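Remarks on the structure that follows.
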Amino acid sequence: MTDVTGLPSIRWSLRGLDDEGHEVWLIRGVSRKLYRCPGCHGEIEIGAEHTIVQFVMRLGGTEHHHWHRRCAEELLTPTLRQLRRVPAGDSTQSKLEARGRKPAGKRRRAR
Ligand SMILES: [Zn+2]
């Protein structure tokens, strides 16, 4: 398995698949408002480095959540298959939303 220690970072995001075949992208973010982490239900403070978890659904559509880095690492990452790092530039919100407009089979491969 790829070593993903310390990721996502400014340069690298992560992409994997959950058990229903949805793409899960983990992207480094800095919070601009208060978020609640779905992992521990605790708050993520403004200005905190954290992990944005963006789902690109198998049949199209996207949704995202904000997680503490450690919660994502401990609770979410271990459940994902085919986890690999991808350049952060491929995981911008606009690119992922565009990706979510097509069903998975018709998507072009991310380079
Ligand atoms: Zn948390």
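If LEU59 passes every condition in (1) modelled with pLDDT of 95 or more; (2) loosely packed, with under 13 Cβ neighbours inside 10 Å but one, which one does it miss?
(1)
Could you say whether any residue in segment 54-68 is within 16 Å of the ligand (Cβ to nearest atom) and over 24 Å from GLY100 (Cβ atoms)?
Yes.
When you look at ARG85, is it assigned to a strand (DSSP E or B) and either open to solvent by 50 Å² or more (accessible area, probe 1.4 Å) or among the aliphatic types (A, V, I, L, M) (or both), yes or no?
Taking the combined requirement at face value, the residue satisfies it.
Can you give me the number of residues within segment 2-43 that are out of contact with any Cys (no Cβ under 8 Å at 6 or more places or on another chain) and either part of a strand (DSSP E or B) or at positive phi (or both)?
Total satisfying the criteria: 19.
Filter segment 88-106 down to residues that are loosely packed, with under 13 Cβ neighbours inside 10 Å and either modelled with pLDDT of 95 or more or aliphatic (A, V, I, L, M) (or both), then give me how many there are.
1
Working carefully through the options THR77, THR51, find the one that is closer than 22 Å to VAL4 by Cβ and assigned to a strand (DSSP E or B).
It is THR51.
How many of the residues making up segment 82-111 are in contact (Cβ under 8 Å) with a residue 24 or more places away in the chain and within 13 Å of the chain's Cα centre (by Cα)?
Quick first cut of segment 82-111, residues in contact (Cβ under 8 Å) with a residue 24 or more places away in the chain only: 82-88, 90-91, 93, 96-97, 99-104, 110.
Now narrow it down to the ones that are within 13 Å of the chain's Cα centre (by Cα): 83-88, 90-91, 93, 96-97.
Going through segment 82-111 one residue at a time, the tally reaches 11.
Scan PRO87, PRO38, PRO103 and give me the residue that is in contact with a Phe, Trp or Tyr (Cβ under 8 Å, 6 or more places away or on another chain) and more than 16 Å from the ligand (Cβ to nearest atom).
Answer to the selection: PRO87.
Please go through (1) modelled with pLDDT under 95; (2) open to solvent by less than 50 Å² (accessible area, probe 1.4 Å); (3) hydroxyl-bearing (Ser, Thr, Tyr) for SER9 and return the number of the only condition it doesn't satisfy.
The single condition SER9 does not satisfy is (1).
The values are calculated or read from the model by the stated rules, or taken from the named source; none is laboratory data. Keep in mind it's a predicted model, so treat the numbers as computed, not measured. Here the Cβ is made from the backbone with ideal geometry for all residues, glycine too, and neighbour counts use every protein chain on show. Please note that ligands, DNA and RNA were not included when accessible areas were found on the heavy atoms of the full protein model with its side chains. Shrake-Rupley method; radii C 1.70, N 1.55, O 1.52, S 1.80 Å.
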